[in-house]
Amino acid sequence: MKIICIGRNYLEHVQELNNKLPTEPLFFLKPDTALVIRNRPFFYPEFSSDVHYEVELVFRICKVGKHIQEKFAPNYYKEIAIGLDMTARDLQREAASKGLPWEKAKGFDRSAPISPFVPIADYPDIANLNFSLQKNGETVQQGNSSQMIFSINKIIAHVSQFITLKTGDMFFTGTPPGVGPVQIGDKLEAFIEDKKMLMCNVR
Ligand code: MG
């Protein structure tokens with residue numbers, strides 16, 4: 001299983017970090033050891049002093065595919081979840097400034113807390129899905145999947161040109177504006193529409 005993450009997929013988030021708008025989906029991977037399930041805690045890593053939350057919709061691949069055309073992409077996923085792309089922003093900025101890869105900043109152990117998956121059939125339209133994140137009971141991020149620069153289907157078409165997608169692979173689809181730091185003791189709660197899907201305490 002691999003975790004494929006899309007960066008810079010919401011305009012206002014691209015702007016808040018002063019990044020350039022991508023002309024094609026920007027992606028990077030997290031290893032399977034990044035995964036945190038069953039509302040287990042996120043442990044603040046000792047190598048960073050500026051860890052940020054990024055709430056993101058996540059979908060899971062349900063069959064093997066390569067060179068998938070956009071029009072056939074809907075056949076490759078049936079379930080959606082919400083996750084946190086936990087990011088060591090200080091390490092990311094340092095790597096980016098030197099033109100180096102992001103793995104240390106994005107792929108470290110437990111950097112991907114994720115909710116249980118639910119069938120996309122449970123929602124009338126996953127291209128118009130509200131999601132949000134609360135930190136200590138206050139809403140800090142709000143997004144809607146219609147605001148993605150690259151849709152789920154475009155993401156699948158693009159990434160599968162380079163990497164074979166396998167059953168169980170997960171895609172983090174990018175974060176809306178409002179990213180910010182966490183501290184030990186913070187409580188993060190992520191919602192799809194009004195339903196709380198994920199709880200994650202920072203320890
Ligand atoms: Mg992200």
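Criterion applied to 178, 143, 174 was being within 15 Å of the ligand (Cβ to nearest atom), open to solvent by less than 50 Å² (accessible area, probe 1.4 Å) and in a strand (DSSP E or B), and the one residue passing it is 143.
Only one entry in 169, 85 is charged (D, E, K, R), modelled with pLDDT of 95 or more and within 16 Å of the ligand (Cβ to nearest atom), namely 85.
Here's the yes/no breakdown for (1) closer than 30 Å to residue 203 by Cβ; (2) in a helix (DSSP H, G or I):
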{"position": "108", "(1), (2)": "yes, no"}
{"position": "113", "(1), (2)": "yes, no"}
{"position": "116", "(1), (2)": "yes, no"}
{"position": "121", "(1), (2)": "no, yes"}
{"position": "125", "(1), (2)": "no, no"}
{"position": "133", "(1), (2)": "yes, no"}
{"position": "139", "(1), (2)": "yes, no"}
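Pairs linking a residue in the stretch 1-25 that is more than 19 Å from residue 114 (Cβ to Cβ) and assigned to a helix (DSSP H, G or I) to a residue that is within 12 Å of the ligand (Cβ to nearest atom) and of a type in the set (Ser, Thr, Tyr), with Cβ atoms under 9 Å and 6 or more positions apart or on different chains, are 13/175. All told, residue 60 falls short of being among the basic types (Lys, Arg) and either under 22 Å from residue 183 (Cβ atoms) or modelled with pLDDT under 95 (or both). Filtering the stretch 49-76 to residues that are in a strand (DSSP E or B) and either within 15 Å of the ligand (Cβ to nearest atom) or crowded, with 22+ Cβ neighbours inside 10 Å (or both) leaves 51, 52, 53, 55, 56, 57, 58, 59, 61.
The values are calculated or read from the model by the stated rules, or taken from the named source; none is laboratory data. Since the model is a prediction, treat every value here as computed from it, not as a measurement. Virtual Cβ from ideal backbone geometry, glycine too; neighbours counted across all protein chains shown. Just so you know, the surface numbers come from the protein's heavy atoms only, side chains and all, with ligands and any DNA or RNA stripped out. Shrake-Rupley method; radii C 1.70, N 1.55, O 1.52, S 1.80 Å.
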